[in-house]
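Enquirer: Quick one: this structure, given as structure tokens, is what I'll be asking you about.
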Amino acid sequence: MLAHLPAPTYFPRSWRVTKFQSTGIGNLYKCELLFLRGVSPWTPVGAVPDLPGLVALAHRLLAANRGRWTQSSTGSLHRGQTTYVYGRRAQPCRRCGTAVRKDEQGERVTYWCPVCQPEHPPAAVQNGTIG
């Protein structure tokens with residue numbers, strides 16, 4: 001399905017599947033989808049396990065939220081319970097209890113769990129020289 005497209009480096013902004021941006025999945029969905037699949041936000045797109053499965057999950061999640069003011073990846077529409085990682089910096093991960101991290105990737109912020117999404121960010125992010 002996507003095998004004929006050139007693989008970019010990382011997912012930083014809207015999630016890139018070619019050198020051109022896709023229609024823009026949105027930062028909330030990017031963070032939540034990568035969390036749900038256990039994929040580090042610093043994983044090169046070509047290294048994402050089961051990329052078609054991730055795209056299918058994105059389609060299902062977007063369809064489930066169509067027409068709603070409140071976007072939810074958890075299935076709950078209760079305030080404070082709609083996301084797993086997005087907007088939850090320093091709060092416990094809903095899966096493992098580790099504090100959710102927030103880092104910058106380009107012009108966007110990324111929320112992620114360092115245990116559930118175990119790949120480490122690039123050294124420049126880790127030591128604070130970028131983002």
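Enquirer: By the gyration tensor of its Cα atoms, with a ≥ b ≥ c the square roots of the eigenvalues, what is the shape of the range 27-126: rounded for a/c under 1.5, prolate for a/b over b/c, or oblate?
Expert: oblate
Enquirer: Here is a further query. Sorting check: for 58-68, 84-94, which peptide has the highest mean count of neighbouring beta carbons within 10 Å, and how do the rest follow?
Expert: Taking the mean over residues of other Cβ atoms within 10 Å, the ranking is 84-94, 58-68.
Enquirer: Using the count of nearby Cβ atoms within 10 Å as a rough guide to exposure, how do S72, S40 rank from fewest to most?
Expert: Details: S72 17, S40 22.
So the ranking, lowest neighbour count to highest, is S72, S40.
Enquirer: Describe numerically, in nm with one decimal, the distance between label points set 7 Å from Cα along Cα→Cβ at V115 and at L62.
Expert: That separation, rounded to one decimal, is 3.3 nm.
Enquirer: How far apart, in nm, are two points set 7 Å out from the Cα along the Cα-to-Cβ line at T70 and at A90?
Expert: Those two pseudo-labels are separated by 2.5 nm.
Enquirer: On to the next question. Highest first, please rank the peptides 101-112, 24-35, 45-56 by the mean number of other Cβ atoms sitting within 10 Å of their residues.
Expert: So the peptides 101-112, 24-35, 45-56, ranked by packing, come out 24-35, 101-112, 45-56.
Enquirer: Please give the Cα centre distance for the range 47-72 versus the range 79-112, rounded to the nearest Å.
Expert: For the range 47-72 versus the range 79-112, the Cα centre distance is 18 Å.
Enquirer: Okay, next question. Please get the size of the charge dipole for the range 27-126, origin at its Cα centre, with Cβ charges of +1 on Lys and Arg and -1 on Asp and Glu, quoted in debye to the nearest 20.
Expert: 440 debye
Enquirer: A further question on this structure: Put +1 on the Cβ of each Lys and Arg and -1 on the Cβ of each Asp and Glu in the range 27-126; which of C116, G106, T74 then has its Cα farthest toward the positive end of the dipole?
Expert: Going by the Cα projections, it comes out as T74.
Laboratory data are not the source of any read-out in this text; all were calculated from the coordinates shown. Since the structure is predicted, the reported quantities are computational estimates derived from the model, not experimental observations. Every residue, glycine as well, gets a Cβ built from its backbone with ideal geometry; the counts of neighbours run over all protein chains shown.
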